[in-house]
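Here is the structure we will look at.
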């Protein structure tokens, strides 16, 4: 399956709708990790980010397989930007494509990873972002690291992570089998 197909499956397996671009990016990050599909993730402000995923999502909107809705919350973040959330929903054409994709054996693999995330008690999008950040840091180091070392590296990447937030994310990563207990 190509990246557009993977996005469609991720949306379909969430009831045909997904609330938030960050949530979609982070779920796809874990699909990338657990299926070793290389979706092009790199460090970014909100954790690992894939421009290729963003481009493919734009393609899916352009061919009207996915509809994007923007919600404004009227508030501003610390940098003065308005807080928004982008939600995605399969269109009728997108649902038709899902019917075709369901026949592909990779559909079950992707669906299985998404179920694995839920069974590991997938946290809210914010903690999921921290889990992705922590995993990204760990996956780029050849030696075991302490929690404090991971938090220090995260801060050098301008990723703000508190010890409590990291502990919740680490517990999720442990339930996924991506980190071991010390």
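Looking only at region 90-106, count how many residues are over 18 Å from residue 15 (Cβ atoms), free of Cβ contacts under 8 Å to residues at least 24 places away in the same chain and in a helix (DSSP H, G or I).
First, the residues of region 90-106 that are over 18 Å from residue 15 (Cβ atoms): 100, 103-106.
Those left that are additionally free of Cβ contacts under 8 Å to residues at least 24 places away in the same chain: 100, 103, 105.
Keeping just the survivors that are in a helix (DSSP H, G or I) gives 100, 105.
Adding up the residues that qualify gives 2.
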**Prompt:** Restricting attention to region 28-71, and to residues there that are at pLDDT 95 or above, touching a strand residue (DSSP E or B) at 6+ places or on another chain (Cβ under 8 Å) and crowded, with 18+ Cβ neighbours inside 10 Å, which single residue is farthest from residue 157 (Cα to Cα)?
**Reply:** 65
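State which residue is nearest to residue 86 (Cα to Cα) when the search covers only region 107-143 and only residues that are part of a loop (DSSP other than H, G, I, E, B) and free of Cβ contacts under 8 Å to residues at least 24 places away in the same chain. First the steps, then the outcome.
As a first pass, look at region 107-143 and keep what is part of a loop (DSSP other than H, G, I, E, B): 120-124, 140-143.
Those left that are additionally free of Cβ contacts under 8 Å to residues at least 24 places away in the same chain: 124, 140-143.
On the way: 124: 16, 140: 30, 141: 33, 142: 36, 143: 37 Å.
So, considering only residues that are part of a loop (DSSP other than H, G, I, E, B) and free of Cβ contacts under 8 Å to residues at least 24 places away in the same chain, the one nearest to residue 86 (Cα to Cα) is 124.
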**Criterion (at pLDDT 95 or above and surrounded by fewer than 16 Cβ atoms within 10 Å (Cβ to Cβ)) met by exactly one of 85, 102** = 102
**Prompt:** Among the residues of region 14-72, how many are assigned to a loop (DSSP other than H, G, I, E, B) and under 20 Å from residue 110 (Cα atoms)?
**Reply:** 13
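Take region 144-169 and flag every residue that is touching a helix residue (DSSP H, G or I) at 6+ places or on another chain (Cβ under 7 Å) and surrounded by 13 or more Cβ atoms within 10 Å (Cβ to Cβ).
Just the residues of region 144-169 that are touching a helix residue (DSSP H, G or I) at 6+ places or on another chain (Cβ under 7 Å), to begin with: 145, 147, 150-151, 153-154, 159, 161, 163, 165-166, 168-169.
Across region 144-169, the qualifying residues are 145, 147, 150, 151, 153, 154, 159, 161, 165, 166, 168, 169.
The values are calculated or read from the model by the stated rules, or taken from the named source; none is laboratory data. Keep in mind that what you see is a predicted model, and the values were worked out from it rather than measured. Reconstructed Cβ throughout: ideal geometry from the backbone, glycine too, with neighbour counts over all protein chains shown.
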